[in-house]
1. So for the stretch 23-34 (the condition being open to solvent by 60 Å² or more (accessible area, probe 1.4 Å) and within 16 Å of the ligand (Cβ to nearest atom)), does at least one residue qualify?
2. Among the residues of the stretch 62-81, count how many are more than 10 Å from the ligand (Cβ to nearest atom) and open to solvent by less than 20 Å² (accessible area, probe 1.4 Å).
3. Suppose we keep only residues that are in a loop (DSSP other than H, G, I, E, B) and among the hydroxyl-bearing types (Ser, Thr, Tyr) within the stretch 31-68. Which one would you say is farthest from Leu180 (Cα to Cα)?
4. If a residue must be more than 12 Å from the ligand (Cβ to nearest atom) and farther than 19 Å from Pro182 by Cβ, how many such residues does the stretch 86-98 contain?
5. Kindly establish whether Tyr101 is open to solvent by 40 Å² or more (accessible area, probe 1.4 Å), part of a helix (DSSP H, G or I), within 13 Å of the ligand (Cβ to nearest atom) and modelled with pLDDT of 95 or more.
6. Can you tell me which residue among Ile136, Ile156 is farther than 17 Å from Val50 by Cβ, touching a Leu at 6+ places or on another chain (Cβ under 8 Å), touching a residue at least 12 places away in the same chain (Cβ under 8 Å) and not assigned by TED's automatic domain parsing to the domain that holds Pro42?
7. Do you know which residues across the stretch 35-60 are more than 16 Å from the chain's Cα centre (by Cα) and without any contact (Cβ under 8 Å) to a residue 60 or more places away in the chain?
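The values are calculated or read from the model by the stated rules, or taken from the named source; none is laboratory data. Quick caveat, the model's predicted, so the values are computed rather than measured. Heads up, the Cβs are rebuilt from the backbone with ideal geometry, glycines too, and the neighbour counts pull from every protein chain shown. Surface areas here come from the heavy atoms of the whole protein model, side chains and all, with no ligands, DNA or RNA. Shrake-Rupley method; radii C 1.70, N 1.55, O 1.52, S 1.80 Å.
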Amino acid sequence: MDIGGMRTEYNDRKNVFLEADIEVKEPFHLFSKWFQIIKDDPKTVEPNAVCLSTSTKDGTPSARFVLIKGFSKKGFVFYTHYTSRKGQELEENPKAAMTFYWDRYSRSVRIEGDIEKLPFKDADEYFFSRPYNSQIGSLSSNQSRPVESRDVLLNIEEDLRQKYGPGEVPRPPLWGGYLLKPRLFEFWQGQTNRIHDRIRFRMPEDGEPDGVLTKQGEEGWIFERLCP
Ligand SMILES: Cc1cc2nc3c(=O)[nH]c(=O)nc-3n(C[C@H](O)[C@H](O)[C@H](O)COP(=O)(O)O)c2cc1C
């Protein structure tokens, strides 16, 4: 399929994104503002879906979607199987990147940083709040491992339903949360006229001299506009 001629006219809301519009010059505040607007829009489907990129120790990248289950100034939380491919890669190289894309708003946010595992008590709290079917699903899956057929998985699920009723499903022992602690955020706002806006916040490298185009933000962050 040749899709080279496809063009999207990005939103026409003339909402150019200027440095002056950023009330608090640090990225968590801005992320919360964007996220709140998008989340409150009833037409948004899964605003918390994010593409998570990891890599092996030798630098081979891989990416997949996960759902963010919370964020604060500490970082961004997601849950998964520690034994999955992503889990193994994060073990080898505890750094990751996340990319949100909200098409109805022509907005994307990129986040990069270090990863740490959350305590199992957080995993318990979240796991036991999940619907029964999701709990059974997690318990039945040896995530990222080959399986003979769909029927095999259905049988495992059925056995688990027989064994555990609602409220009784144990958390898989190696299922838990990760925290991505950002060192970099980039906010991208698409524009109809094609001069898209990109503003990047980052923590300066040790000893990094002040750049002419780099501005001092709050709480140790610096920020700069990037060419689209
Ligand atoms: C929108 C969306 C949300 C997802 N959320 C999660 C999640 O929160 N945790 C998870 O383990 N997998 C989630 N998945 C499945 C992953 O994309 C992926 O298939 C799985 O985690 C195995 O990835 P891995 O083999 O790279 O470890 C989601 C998939 C989609 C499309």
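1. Initially, the stretch 23-34 is screened for residues open to solvent by 60 Å² or more (accessible area, probe 1.4 Å), giving 23, 29, 33.
This time we only want the ones that are within 16 Å of the ligand (Cβ to nearest atom), so: none.
No: zero hits.
2. The qualifying residues number 2.
3. Among residues in the stretch 31-68 that are in a loop (DSSP other than H, G, I, E, B) and among the hydroxyl-bearing types (Ser, Thr, Tyr), the one farthest from Leu180 (Cα to Cα) is Thr44.
4. So the answer is 1.
5. Values: open to solvent by 40 Å² or more (accessible area, probe 1.4 Å): yes; part of a helix (DSSP H, G or I): no; within 13 Å of the ligand (Cβ to nearest atom): yes; modelled with pLDDT of 95 or more: yes.
Here the answer is no, as Tyr101 does not meet what is asked.
6. Of the residues listed, the single one that is farther than 17 Å from Val50 by Cβ, touching a Leu at 6+ places or on another chain (Cβ under 8 Å), touching a residue at least 12 places away in the same chain (Cβ under 8 Å) and not assigned by TED's automatic domain parsing to the domain that holds Pro42 is Ile136.
7. Asp40, Pro42, Thr56, Lys57, Asp58, Gly59, Thr60
Matching residues to (1) over 30 Å from Asp41 (Cα atoms); (2) open to solvent by less than 50 Å² (accessible area, probe 1.4 Å):
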site	(1), (2)
Ile111	no, yes
Glu116	yes, no
Phe127	no, yes
Leu139	yes, yes
Asn142	yes, no
Arg150	yes, no
